[in-house]
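Read through the structure below, which is laid out as structure tokens, and then see the notes.
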Amino acid sequence: MNATLHDKSFIITGGAGGIGLATARALMSRGAQVEIWDHDAGALTAAAVQLRCACAVVDVRDAEQVAAAFAQAAARAPIDGINHCAGVLHTGRFEEMPHHEHLRMAMINLVGTALVAHAALPYLKATRGSLVLLGSVSAFIASPEFATYAATKAGV
């Protein structure tokens, strides 16, 4: 076990699956205390039961929900780190993709990142903690099917 993570507390957004769930597993295997956040209550509950960790249903597009979740998490334990893994990908040619999919990606991937980072700062300043924001190689490699996703990740 890595002693540098023992008794450290982390929040993982997008923790119900994918990179978020894998990150939670990796941190816990090194002794960290983890709380996972996700907007999908069913998947979140299943992941939290599997990991035996705290969880909170959080939509990163909702500033008030994000702020409240940080306050509740900080009341349980100081926040030493945040891994912001929440994100969505919808592929397709730009002109063929429905406008609501462009907006959904922008709101979750870019606006959600800004809201999480902004709300996290006071807690991380208090602990001298870390904030990790997930980008994507898609931000640097052009592809017509990934135009909006690439733009949102370039923004991150």
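The values are calculated or read from the model by the stated rules, or taken from the named source; none is laboratory data. Quick caveat: nothing in here was measured; it's all calculated off a predicted structure. Because the Cβ atoms are built from the backbone with ideal geometry, glycine has one as well, and the counts that use them run over all protein chains shown. Heads up: the accessible areas ignore ligands, DNA and RNA and are worked out on the full protein's heavy atoms, side chains in. Shrake-Rupley method; radii C 1.70, N 1.55, O 1.52, S 1.80 Å.
Structural remarks
- Counted as qualifying within the stretch 40-156 are the strands (runs of 3 or more DSSP E) with 1 or more residues that are touching a Phe, Trp or Tyr at 6+ places or on another chain (Cβ under 7 Å), namely 54-57, 81-84.
- With respect to (1) open to solvent by less than 70 Å² (accessible area, probe 1.4 Å); (2) touching a helix residue (DSSP H, G or I) at 6+ places or on another chain (Cβ under 7 Å), the lone exception for Ala77 is condition (2).
- Test: residue in the stretch 23-32 that is assigned to a strand (DSSP E or B), in contact (Cβ under 8 Å) with a residue 24 or more places away in the chain, more than 17 Å from Gly112 (Cβ to Cβ) and open to solvent by 40 Å² or more (accessible area, probe 1.4 Å): no
- Scoring Gly15 on the criteria (1) in a loop (DSSP other than H, G, I, E, B); (2) open to solvent by 40 Å² or more (accessible area, probe 1.4 Å); (3) under 24 Å from Thr127 (Cα atoms); (4) at pLDDT 95 or above leaves a single failure, condition (2).
- Screening Ala69, Ala56 for residues that are open to solvent by less than 70 Å² (accessible area, probe 1.4 Å), without any contact (Cβ under 8 Å) to a residue 24 or more places away in the chain and within 14 Å of the chain's Cα centre (by Cα) leaves exactly one candidate, Ala56.
- Asp38 being surrounded by 15 or more Cβ atoms within 10 Å (Cβ to Cβ) and farther than 16 Å from Val132 by Cβ: yes
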